Amino acid sequence: MEVAFYQLTTTSLEKTLPKLLEKAYAADQKAVVLIDCGERLGLLNSSLWTYSTNAFLPHGCASDDPITHSRQPIWLTTTIENPNQASLIVVTSGQSINRKSGFDRCIDIFDGNVADTLKEAEKRYQQYQTQGLACVYWRQTLQSGWEKI
């Protein structure tokens, strides 16, 4: 599993996540988005439907009709699951992902302006490196671009 860390410094998760998911969707890559709680899942679910009038990100979550779960290109969840057979997991909850989870790639996105959150992300980075996983670290610039560290 390859792990990419994205440290947010200038924009919110709600503004950044759709752009990352657009890239995965354009590459025909299915994704699971792991979210910390049901309330935040609801906010991100709404955000993905309304973030742009010029874009569309089809997605689903457990409250949708079960018959559609496996067909969703993007799956929002509060538990580590993979009903859509995704190769990518996007972690917004600060959880660590087991290398045997079945995902090929993990994006760990977090608010780098919160000291405790930043410390926890650094611990996860070290943990993944200790496991021998390929890790890359991106920090958001003041212009909302990304620099590789």
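FYI, it's all coordinate maths here, none of it is from the lab. The structure presented is a predicted model; accordingly, all values stated were derived computationally and were not measured. Note that we place each Cβ from the backbone using ideal geometry, even for glycine, and neighbour counts take in every protein chain shown.
Considering amide H positions built from the backbone, and no H for Pro or chain starts, which residues 5 or more places from Ala86, or on another chain, come under 5 Å of its amide H?
none
Pick from Lys123, Lys100, Lys30 the residue whose mean-square fluctuation is largest in a GNM of the chain, springs joining Cα atoms under 10 Å.
Lys100
Below 8 Å, C-alpha to C-alpha, sequence gap of six or more: please give me the relative contact order for the range 65-149 in percent. Walk me through the numbers on the way to the answer.
Numbers: 72 pairs, mean separation 13.2, N = 85.
RCO, the range 65-149: 16 percent.
Hydropathy first: keep DSSP H helices in the chain averaging at least -0.5 on Kyte-Doolittle, then drop any whose Cα extent along the axis falls short of 15 Å, and list what survives.
Span-like helices in the chain: 13-26, 38-50.
Can you work out the base-10 log of I(q)/I(0) for the range 57-96 at q = 0.23, 0.28 1/Å, using the Debye formula on its C-alpha atoms alone?
Ignoring solvent entirely, the Cα scatterers give -0.74, -1.05.
What is the log10 of I(q)/I(0) for the range 47-149, computed with the Debye formula using one identical point scatterer on each Cα and no solvent, at q = 0.10, 0.11, 0.22 Å⁻¹?
Taken in order of the listed q values, log10 I(q)/I(0) reads -0.36, -0.43, -1.28.
Can you give me the relative contact order of the range 2-148 as a percent, contacts being Cα pairs under 8 Å and 6 or more apart?
Values: 251 pairs, mean separation 53.9, N = 147.
Over the range 2-148, the number comes to 37 percent.
Which chymotrypsin sites (Phe, Trp or Tyr not before Pro) in the range 44-149 sit in a loop by DSSP (not H, G, I, E or B) and have at most 12 other Cβ atoms within 10 Å of their own Cβ?
Details: sites: Trp49, Tyr51, Phe56, Trp75, Phe103, Phe110, Tyr125, Tyr128, Tyr137, Trp138, Trp146; in loops: Tyr51, Phe56, Phe103.
Passing sites in the range 44-149 are Phe56.
Just the C-alpha atoms of the range 1-79: what Rg/Rh do they give, with Rh taken as the Kirkwood radius?
Rg/Rh for the range 1-79 comes to 0.94.
Could you pull out every residue, at least 5 positions away or on a different chain, whose amide H is within less than 5 Å of the one on Ala31? Hs are placed 1.01 Å off N in the peptide plane, and Pro or chain starts have none.
For Ala31, the qualifying residues are Ile74, Trp75.
Which far-off residues, 5 or more places away or on another chain, put their amide H under 5 Å from the one on Glu2, with H placed in the peptide plane?
Residues meeting the criterion, in which the H sits 1.01 Å from N, are Arg105, Cys106.
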